[in-house]
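Structure record follows, encoded as structure tokens.
The values are calculated or read from the model by the stated rules, or taken from the named source; none is laboratory data. Note that the structure is a prediction, hence the values are computed from the model and not measured. Using ideal geometry, Cβ is built from the backbone for each residue, glycine included, and neighbour counts are taken over all protein chains shown.
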Amino acid sequence: MTNPQIIDIQSKIISELESNHSKKSSTTTTIDVKKLRKIILFQLQTDSDDKDAKKLYKKSVKALEADGKITLDSDGLITLLNSGDGKKKQKKDKKDKKKKSKKRDKPNDDIDVIENEDESPISKKKKLKISSDDQSQVDDDDQEVTIGKGDADKNKPCKGNPLGVTRLFIGNLPFAVDETSLRDFASPAIITHIKWITDKETGKFYGSSFVEMKDAKDAAIVVTERNGEKLMGRGLKINYAPARDGDIWPPKSKEITGNGGQAGGSGVKAMIAKPDNCVKLFMGNLSFDIDDDTIVKFFANVDAEIKAVRWLHHKDSGDFKGCGYAEFWNTEACEKAATLNGKTLLGRPIRIDWAE
């Protein structure tokens, strides 16, 4: 009796190939066997390095090939077949394999052989065919993309990120978020591009964004270690969001929308909902020349007396982050201080939001 796990994997393989086939005008769909394996194991929520899962995938591919549903050529490319094409393709591939094996028997000092099955022999500027939604970064009319050595390293799969995705969705952001505060939140992981998500008609910030990370490892850090953590009192929702066919990604500039890097604009309306009896404010986009006396005098302009101030610093270097918290004696003073959101302080518009 066939292993039910193998049947499930076979079904996913065919489904993935058919899904790609429906988007193309050609009669067959081809995809690299190792790339397809990563996609299937990701769908099964299985680590890409799981040996047992790899064996089941290999058995599933062989079984589908024996049934004439797919072919696997000597270059490691899987092709989805129509039922009448199976035997013809299998005979052709056997001949191709024999020819390839004879060529490999001849020594060639100019060729480096890569033994690791998890790595594909991608030379610098070699063209790769891309046929999966999760792998695509090209326009609908394009069938291949040139990948340099640096790009291959950037999207190299790692623990917690088996597909090597570098594009993330971040939701439940506070309206006072800006480029600096979001980058500080992700640190030590590095964000290279930010796209604030806004309403097309009104331009109003939705409280979410897409970000591009420096590499797959940094993306994994943010997803596995920052998801659910609070930024300005709001627990963020973070997940992988690979770009699809036709998406222009990453953006040409580091940000697409926003007022000087701030997603939600300035003023009290741009702040999150005020917590009951709130007496604390978050302060962002501060000058590095800020000190206790300056901030006390700043809020004194609206008769808001500060009880305490806490400046935020980087754990490793001790450098000032350009943000902090101000606590007031009562909620009335806190409300008065909040009216200064967006006002200029030491040459910079201060970002203020409610904090718990």
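One table, with the values for the structure above:
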item	result
Residue in the stretch 299-321 that is free of Cβ contacts under 8 Å to residues at least 40 places away in the same chain, assigned to a helix (DSSP H, G or I) and either surrounded by 14 or more Cβ atoms within 10 Å (Cβ to Cβ) or in contact with a Pro (Cβ under 6 Å, 6 or more places away or on another chain) (or both) present	no
Single residue of ILE14, ILE40 found to be surrounded by fewer than 19 Cβ atoms within 10 Å (Cβ to Cβ), in the same structural domain as LEU64 (by TED's automatic domain parsing) and either among the charged types (D, E, K, R) or at pLDDT 80 or above (or both)	ILE14
Subset of the stretch 327-356 that is of a type in the set (Val, Ile, Thr) and within 31 Å of the chain's Cα centre (by Cα) - its residue that is surrounded by the fewest Cβ atoms within 10 Å (Cβ to Cβ)	ILE350
Enumerated strands (runs of 3 or more DSSP E) restricted to the stretch 146-221, each holding at least 3 residues that are at pLDDT below 90 and touching a Lys or Arg at 6+ places or on another chain (Cβ under 8 Å)	none
Top-ranked residue in the stretch 216-232 [being crowded, with 21+ Cβ neighbours inside 10 Å and in contact (Cβ under 8 Å) with a residue 60 or more places away in the chain; ranked as farthest from the chain's Cα centre (by Cα)]	MET232
Answer residue from the stretch 43-80, given it is touching a strand residue (DSSP E or B) at 6+ places or on another chain (Cβ under 7 Å) and within 16 Å of SER15 (Cβ to Cβ) and is surrounded by the fewest Cβ atoms within 10 Å (Cβ to Cβ) among those	THR79
